[in-house]
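Read the structure below first, then the notes.
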Amino acid sequence: MIKQLIAAGALVAALGMTLPAAYAADEPAKLTDTSKGKVWVDDNGMTLYTFGKDTKTKSKCNGQCAVEWPPLAATASDQAMGKWTIIKRDDGSLQWSYSGHPLYTFVDDKKPGDITGDGKDGFHLATDKITVASATTAKVKVVKPKAKTGMSTSSGNGY
């Protein structure tokens, strides 16, 4: 009887240690290589971006902004893990956030690998260099190439 209890206890302990790994959900995005380094992409391979006006717990991209920069949607059954958290948007929908940075795709990126939104309207590539955002403002280290005279990198929407 004691051997059976010990064996049962060992089995429960072994299962308990492996169940979290077995049931761990996949991350909502993955890193991929681009001409600008490693960036986060969604399940469809579309580039993800961060918005400089967001805070750690709030997206500031709503209305028309969210039409042009669709949020990386989360569902009620999704669960935060590691650096991945879920925030509630003004419209009540849920959005994935990485290291305190809500994430978005860009409507003008037409195919996987496109990175046309970098530097537009205060949005920047979500790279592997994202650091944890403060509670007040999400900050992303941005390295900008030298601007050419007479050219603008903004679409002028001014979100």
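Since every read-out is calculated from the coordinates, none of them should be taken as a lab result. Nothing here was measured: the structure is a model prediction, and the numbers come from that model. With ideal geometry, Cβ positions are generated from the backbone for all residues, glycine too; neighbour counts draw on all protein chains shown.
Could you let me know the centre-to-centre spacing of the range 110-125 and the range 29-79, using Cα atoms, in angstrom? Each part's Cα centre sits 10 Å from the other's. The modelled label-to-label distance for the pair K30/K110, using points 7 Å beyond Cα in the direction of Cβ, is 2.5 nm. Which entries in the list K30/K53; K83/K110; K56/K111; K58/K120 go over 26 Å, if you measure between the two C-alpha atoms of each? Beyond 26 Å: K83/K110; K56/K111.
Note on K60 and M81: the extension gain reaches 5.3 nm, defined as 0.36 nm multiplied by sequence separation minus the Cα-Cα distance. Applied to the range 61-78, the Karplus parametrisation 6.51 cos²θ - 1.76 cosθ + 1.60 on θ = phi - 60° returns per-residue 3J(HN,Hα) values of 9, 10, x, 4, 4, 6, 6, 7, 10, x, x, 6, 6, 10, 10, 4, 8, 5 Hz, with x for Gly and Pro.
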